[in-house]
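See below for the structure under consideration.
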Amino acid sequence: MALTAQVAGAQQPSTAAAAGETDALTDKARQLYEEGRQAAAAGKWADAHASFLAAWAIKPHYQIASNLGVACLKLGKYRDAAEYLSRYLREAPATKVNERQNAEASLKEALAKVASVTVQVTPAGAEVTVDGAVVGKAPLADRVFLAPGEHEIGAKLEGYAPATHPIAAVAGRAETVAVQLERVPSAQIGGSVHASIPPRLETPRDKVRTAMLVGGGLAAGVGVAAGVVLTVMANGRAGDAEQMRQELVTEGDGFALCPDIDRSKCAELKDTVLAKVDLTNAAFWSFVTGGAIGAGALVYGLVTLKPAESRPTVQVVPLLGTGASGLLISGTF
């Protein structure tokens, strides 16, 4: 509550909340990465792949890319393996000699199962697509890897006619595909229409309304961000408490007898549980506060609408779950 109450007039709390959220997510990525390494060491490659992929979604670090690429290779996901291993070799420091040699060997094994395509698109900045899905903007940092078979490489950019290039991918083959986009004439469709539309002047009332809506949106975002951070921290405390309880159960021959077994551990378990409860409550009220601020901004936007403007639509949906609670607010105004 104190965090969200101070945000309305300053930018610094927003930065602090974002930094806290980043640290919490980084810790979660590190935990998932270690779980993946343990699963890989045990030969459980499906579990390792799932953990590495979740860690990558939080923090796309080159070290995760290396392990994720090896897991994909073990599971027969050769195209994905080639992508992640190429990313690792592009970003990993040259000082990691042994690791890079291992990655190169794994990449060579994956490339024997897929086609490697260097895509050259003109002009730069165009979106490059493979079978209709966007894979990046030209120039691409890495090659495009394709499973054997028929595919279509394309490119599109505003002001240019889209273009496609069919390709028959062959495993183990390296190819280069060049796509040249042609500029579309400005008056190609329906002739040219010249109309002078006077710009809409923003009044002081509009500026106040915009400032209120933007400030309310920022404050609501900070409240939700704080709720996310606190929820992650609460889940971490819950995990610590469960680990402590299991240790006490082990020491007590199947029963966690407190405080008879170990008074210090029992006290630590109690403090951890209380900390988890406090963090969960703080996360709930952060979500509620952020939702209330967002709802207030929407109501203000509705009340101050001009009659000539289109009617808004607003939806407020409560969110209740085991890990988090809050409000989902959507609409136009």
Using a Cα-Cα cut-off of under 25 Å, which lysines could be cross-linked to Lys270, ignoring same-chain neighbours fewer than 8 residues away? Lys28
Per residue accessible area in Å² of the stretch 112-177, where ligands, DNA and RNA are left out and the probe is 1.4 Å: 52
Here the gain from full extension of Thr250 to Glu182, 0.36 nm per residue of separation minus their alpha-carbon distance, amounts to 17.3 nm
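Hey, which of these cross-link pairs are over 32 Å Cα-Cα: Lys96/Lys276; Lys44/Lys108; Lys137/Lys207; Lys74/Lys156?
Beyond 32 Å: Lys96/Lys276; Lys137/Lys207; Lys74/Lys156.
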Please list 3J(HN,Hα) in residue order for the stretch 133-144, calculated via the Karplus relation 6.51 cos²θ - 1.76 cosθ + 1.60 where θ = phi - 60°; whole Hz, with x for glycine and proline. 9, 6, 10, x, 10, 6, x, 6, 6, 10, 5, 9
Apportionment of accessible area to carbon and sulfur, the stretch 77-180, percent (1.4 Å): 49
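The values are calculated or read from the model by the stated rules, or taken from the named source; none is laboratory data. For clarity, every value in this text was computed on a predicted model and none was experimentally measured. Heads up: the accessible areas ignore ligands, DNA and RNA and are worked out on the full protein's heavy atoms, side chains in. Shrake-Rupley method; radii C 1.70, N 1.55, O 1.52, S 1.80 Å.
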